[in-house]
1. Listed here are the pairs 95/127; 64/126; 26/62; 26/64; which of them are more than 31 Å apart at the Cα?
2. Note down the nm distance, to one decimal, between modelled labels 7 Å out along Cα→Cβ at residue 16 and at residue 93.
Amino acid sequence: MARAVGELQKIVLTYDDYLCLPNDGKRYEVLEGELFVSPAPRTKHQIASGNLYAVLHQHVRKHKRGRVFSAPTDVILSQTNVVQPDLLFISNERKKIITEKNIHGAPDLIVEILSETSAEQDRTAKKQIYAATASKSIGWLIPTPKPSKFTSLTPRHGRSSTSRRTKAMRLFSRRFCPV
């Protein structure tokens, strides 16, 4: 079938295309073959990420449950879905998805800390992609001056809940890294 003059054809990017992107301090992700670019996170975002990483890493290391990674870590969910979650956990049982260069497959836990520059993308495209993968749990932390809210989504069961930070920490300790 002939195309009209000027009709644009959608270009679908893959992991190979992603590897050619510059290392310029911006956050690149490929979602359903489309390139998304975000600036470096703000300090509030980084403080929330660092604090949560410290708690999660300490618990996982103490109980020898697996590995915790922070962004930027490439997670290849498929050839057309390459993400960099803020935090991720991979259990010992699934450690084979950890390679020298990246994570090849869905982590057991994905945490996205919402920020002004990426919240819409995280709540829509990434949420759908994560729910379609084999990830056991996905969490969104919304940093605010008041006590943070944490939303957990269990894709296989379609449940979502919101709670205060202290309950979220207990949730991490009991549900994602059981002793």
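1. 26/62; 26/64
2. If labels sit at residue 16 and residue 93, their model points lie 3.6 nm apart.
Every read-out reported here was derived from the displayed coordinates using simple, explicitly stated rules and does not represent laboratory data. For clarity, every value in this text was computed on a predicted model and none was experimentally measured. For neighbour counting, all protein chains shown are included, and Cβ atoms are generated from backbone atoms with ideal geometry for every residue, glycine included.
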